[in-house]
Each structure stands twice: as structure tokens, then as C-alpha cells.
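One structure below.
Derivation of every value follows stated rules applied to the coordinates shown; laboratory data play no part. Given the structure is predicted, the values throughout are model-derived calculations rather than measurements. Note: ideal-geometry Cβ built from the backbone for every residue, glycine included; neighbour counts use all protein chains shown.
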Amino acid sequence: MPRFWPILMLLAPAVAAAAELPIVDAHIHYSHDAWSVVPPKDAVAILKKAGVKRALVSSSDDEGTQKLLAEAPDLVIPELRPYRRRGDQGSWMRDDSVIAYLEERLAKSRYVAIGEFHLSGADADLPVPRKTVALARQHRLMLHAHSDADAVERIFRQDPDARILWAHAGFESPARVREMLRKYKTLWADLAFRTDYASGNKVAPAWREVFLEFPDRFMVGTDTYTPDRWSFVVEHAAKARGWLADLPPDVAERIAWKNGETVLGGAYAARP
Ligand SMILES: [Zn+2]
């Protein structure tokens, strides 16, 4: 038997690669402080090594997204963040200059969404977020909202036809997420930067119910919100394959990549 070991070892990586579930990563940032740490070529190499076939990418400011898009146009699905610097996250909703920035960028480049932005509760009804929602409507873009359920509902009141990708599923409970998905047909959720949906490779029962009821509404994501999070992209994809294997294969495929490809890839391809 031992003499067969080297052959088995040679075959193992090929078998693993063939069985590897592709990933569409719906939560990648490539902000101004990431380029020098992870240059575009290296960032693309990391995504490819992770088996990421498409990635929804945004950055503060937009230059990072454009750099990565130029490096890998088939891989990157660009979205426009209303931030020019990392610190804008807490102030953008009261900063009128954000709208001029968005308009300037939207005139120059194609995107699938505006986001990811941070917005909670009643702040969603401030003038700048309202104008942002109106811009998305005008340009037929999705909104990628890091928001509680309250802010998501306020956005839908402003535009009942909005298409929202709910970042981190709002860090809300599975019961609340299910309620929201039942209420809003054009709400999808990414599962980035939360771990409660699975313990090891075992999907939590409450989440399993929601995944099985709404297999078309979830996507996975790494959330590279700081440069060092880029070192986690490969591990995130591997972990995702681990817990997704606990779901029926067709549901796992949808959450891993098909929903991202259909919803994000499809909407981007349809952009004029
Ligand atoms: Zn994020």
C-alpha cells in the first residue's frame, strides 16, 4: 500500500479542485489604504485562489474599484460607495457633497449598485440618503445597505421598487430576516461578517429554515473592510464551502454563487 501514496497525493489536489464549489463574493472592499498592501494583481490572484468567480467590489473612494475592474473585468462587478475616505461612514448621510460625488461618478462609469453604505433607523429619511435612493432609482441601480431592518423599511417606503442587497442581513435575527424577506420581494441579503448561521460545518436550525424558504435571496461575502481582511478571502471561501455542504446541493449552489451571478451579474449585464 505505501507505494501508492505518492500517486494519491498527486491526484488529491485535482480531485479537490474539480469538486470545489465556485463562490460569488458579494462583499469585497478595495479602499485607498488597501492598494499598497495588496496591489491589484495580488488582489485578483487572491480572489482566483479562493475560487471566487465574481465579486461585488466597492471602495472608498471609487478608485480602488476601478483599479480592480481594470485588472479583472470578468471578475469584478463594480458598485459605487458614497464614501471618499474611510471616515465618511459616520458622516455621509449629513454631507451634501456626497450627492455631487455620486452624480459625477455615475456619469463616468457603470455600476450595479450604490453601496455598501452604513445607515440606521430614522437617518434613512435624511435628505442625503433620500437623494441617494432617488439616484439609484433614476439609474436603475441596486442599493447595498448596511442597515437595521428599520432603515431598510424606510428605504422601501421611499421607493417600493428599490432592489436592496442587505449587508450582513442587517445583523438581525433569522426570524426578523425571514419576516423581511416575506414582506419585500426585491430584498436580498449577504451573510458577510457574521457567523451565527453555522457552527463549524453545521447550519443553525433557525437559519436552515430561512435558507430553505428563500434559497434565492442569500449570498456569501468576506467583507474586506480593512486591508488585512484580504488575507481572509481564501479562508472565507473554504469555510463557506464547509457549511454550505450541510444544505441540499441546489440550495448550497444558489447561495454560493448562482444568486450572485443571477442577481448581481444579471443586473450589471443589463446596465446600459
Ligand atoms: Zn462592508
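For region 8-138, the C-alpha radius of gyration divided by 2.2 N^0.38 Å, with N the number of residues, is 1.25.
Scaled to the globular estimate 2.2 N^0.38 Å, the Cα spread of region 40-107, given as radius of gyration, is 1.23.
Close amide-amide hydrogen proximity is noted between Phe218 and Ala189, each under 5 Å apart and 5 or more residues distant or on a separate chain (H modeled in the peptide plane; Pro and chain starts excluded). Amide H to amide H, which residues 5 or more places from Ala198 or on other chains are under 5 Å from it, using H placed in the peptide plane? Correct list: Ala204. Other residues within the sphere of radius under 11 Å centred on the Cβ of Leu80, judged by their own Cβ, net out at -2 (K and R +1, D and E -1).
Backbone amide hydrogens, once placed in the peptide plane, bring Ile77 within less than 5 Å of Ala55, Leu56, Val57, excluding anything fewer than 5 places away on its chain.
Rounded to the nearest whole Hz, the Karplus-based 3J(HN,Hα) values (6.51 cos²θ - 1.76 cosθ + 1.60, θ = phi - 60°) of region 84-92 follow the sequence 9, 9, 3, x, 5, 3, x, 10, 4, with x at glycine and proline. Can you work out the base-10 log of I(q)/I(0) for region 149-256 at q = 0.10, 0.24 1/Å, using the Debye formula on its C-alpha atoms alone? Reported log10 I(q)/I(0), two decimals: -0.29, -1.36. Global size of region 73-116: 11.2, 35 Å for Rg and Dmax (C-alpha atoms, Rg to one decimal, Dmax whole). Around Leu47, with a cut-off of 12 angstrom between Cβ atoms, what is the net charge of the other residues, counting Lys and Arg +1 and Asp and Glu -1? With Lys, Arg at +1 and Asp, Glu at -1, the net is +1. Ala113 sits among other residues whose Cβ lies under 12 Å from its own Cβ, and their net charge, with Lys and Arg +1 and Asp and Glu -1, is +2.
Please compute, over every Cα-Cα pair in region 22-72, the percentage with a separation greater than 16 angstrom. The share of Cα pairs beyond 16 Å in region 22-72 comes to 30 percent.
Bridges between two residues of the chain, per DSSP, are antiparallel at a rate of about 10%.
The ellipsoid equivalent to the alpha-carbon distribution of region 76-222 has semi-axes of 27, 15, 14 angstrom, derived from the gyration tensor eigenvalues as √(5λ) and listed largest first. According to the Cα-based calculation, Rg over Rh for the chain is 0.99, with Rh computed by the Kirkwood formula.
Mind jotting down a quarter of the surface of the convex hull over the alpha carbons of region 92-146, in square nanometres, one decimal?
Values: hull surface 13.5 nm².
For region 92-146, averaging the hull's shadow over all directions gives 3.4 nm².
Each Lys and Arg Cβ is given +1 and each Asp and Glu Cβ -1; about its Cα centre, region 28-164 then shows a dipole of about 460 debye.
Evaluating 6.51 cos²θ - 1.76 cosθ + 1.60 at θ = phi - 60° for every residue in region 204-210, the Karplus couplings come out as 5, x, 5, 6, 4, 4, 5 Hz, glycine and proline recorded as x. Candidate cross-link partners of Lys239 among the lysines, defined by an alpha-carbon separation under 22 Å and a same-chain spacing of 8 or more, comprise Lys48, Lys49, Lys53, Lys202, Lys258.
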